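Engineer: Take this structure first; my questions come after.
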Amino acid sequence: MSFFLLSLYKINDMKNFITFLKNIWAFRKALWKFRWWDYNFTLEMMKTSLQIMSDNLETKGIEVDGTRMKKVDKMRRAIEIMNNMNNVHHIEMAEKELGKLYIKPFEFVKSLSHPGSFELVDNDTEEEREHNKKVYSRAREIEEQEWAELWEIFKGQDNSKYSPFIGEWDDWFDGTGMRGWWD
């Protein structure tokens, strides 16, 4: 009997080891880039996990399509937001709304106050400076909005507010709530 239990333990241990190797492969890009000092690396790990989860939930999930696909959509939105955070897409989004930033090549001149040194010349007009300021400000607003949206997706709806009198669960449920993302 003890030999049988030991064999089962070793089989489970081997399954865990194989799963571990598969996980290393699945997370290889995120692991390669991972550093402890910045939240972007943590987002990259979470993004990889959600990508695997959403792909499998979509193709292999056994939950009914209505609620399952809402979850997949919210996971994919969370992945999109994390991509925006990691790749600094917020400036591009702001530029689409307000117009491109005015970016000129650097120009240096000899410094009169520090002989032998050079000074960076600011050739931007007041109008260009104001426009750039608006674009950067809007990019920051977009980033803050998406950050708040990301955590609302993870947090999910307040299920205590659901009532059968509101309507069907499938119609009320919006797919948010990380604690419910399982199959």
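Engineer: Using +1 at the Cβ of each Lys and Arg and -1 at the Cβ of each Asp and Glu in the chain, identify which of 120, 81, 64 lies farthest towards the dipole's positive end.
Structural biologist: 64
Engineer: Could you compute how fast the chain diffuses translationally, taking Rh as the Kirkwood radius over C-alpha pairs and applying Stokes-Einstein at 4 °C with viscosity 1.567 mPa s? Give it in µm² per second.
Structural biologist: 61
Engineer: Which net charge results when you count Lys and Arg as +1 and Asp and Glu as -1 among the other residues whose beta-carbon is under 9 Å from that of residue 135?
Structural biologist: With Lys, Arg at +1 and Asp, Glu at -1, the net is +2.
Engineer: Follow-up. For the stretch 87-162, what D do you get in µm² per second when you plug the Kirkwood radius from alpha-carbon pairs into Stokes-Einstein at 37 °C and 0.692 mPa s?
Structural biologist: In µm²/s, the coefficient is 207.
Engineer: With loop defined by DSSP as not H, G, I, E or B, and exposure as at most 16 other Cβ atoms within 10 Å, which is the longest segment of the chain clear of exposed GluC sites (Glu not before Pro)?
Structural biologist: Numbers: sites that count: 63, 107, 168.
In the chain, the maximal stretch lacking such sites is 1-62.
Engineer: Run the dipole for the stretch 86-130 about the Cα centre, Lys and Arg Cβ at +1, Asp and Glu Cβ at -1, nothing else charged, and hand back the magnitude in debye, nearest 20. Don't jump to the answer; show the numbers that get you there.
Structural biologist: On the way: 5 positive and 11 negative charges, 50 e Å.
With Lys and Arg at +1 and Asp and Glu at -1, about 240 debye.
Engineer: In percent, what relative contact order does the chain have, based on Cα pairs under 8 Å that are 6 or more apart in sequence?
Structural biologist: On the way: 145 pairs, mean separation 39.2, N = 183.
Reported relative contact order: 21 percent.
Engineer: Modelled label-to-label distance, residue 97 and residue 37, 7 Å Cα→beta-carbon offset: nm?
Structural biologist: Inter-label distance under the simple model: 3.2 nm.
Engineer: Would you calculate, for the chain, the mean residue ellipticity at 222 nm contributed by helices, counting each DSSP H stretch of 4 or more residues as -39,500 (n - 2.57) and dividing by all residues, to the nearest 500? Display every interim value, and only then the final one.
Structural biologist: Details: 7 runs with 119 residues, N = 183.
That comes out to -22000 deg cm²/dmol.
Engineer: Got a sec to turn the phi values of the stretch 103-111 into Karplus ³J(HN,Hα) couplings, 6.51 cos²θ - 1.76 cosθ + 1.60 with θ = phi - 60°, whole Hz, x for Gly and Pro?
Structural biologist: So the Karplus estimates, Gly and Pro as x, are 10, 10, x, 5, 10, 10, 10, 5, 7 Hz.
Engineer: What is the gain in length, in nm to one decimal, between residue 121 and residue 171 on full extension, counting 0.36 nm per residue of separation less the C-alpha to C-alpha distance?
Structural biologist: On the way: separation 50, 0.36 × 50 = 18.00 nm, distance 5.92 nm.
12.1 nm is the gain from fully extending residue 121 to residue 171.
Engineer: Let me ask something additional. Give 71/100; 104/133; 47/71; 104/134 a once-over and call out the pairs whose C-alpha atoms are over 25 Å from each other. Mind dumping the intermediate values first?
Structural biologist: Details: 71/100 35 Å; 104/133 15 Å; 47/71 15 Å; 104/134 17 Å.
Correct reply: 71/100.
Engineer: Helices from the chain with mean Kyte-Doolittle at least 0.5 and a Cα length along the axis of 24 Å or more, per DSSP H: which?
Structural biologist: 2-26
Where a number appears in this text, it was derived from the coordinates with a stated rule and is not lab data. Small disclaimer: the values here were computed from a predicted structure and weren't measured. Note that we place each Cβ from the backbone using ideal geometry, even for glycine, and neighbour counts take in every protein chain shown.
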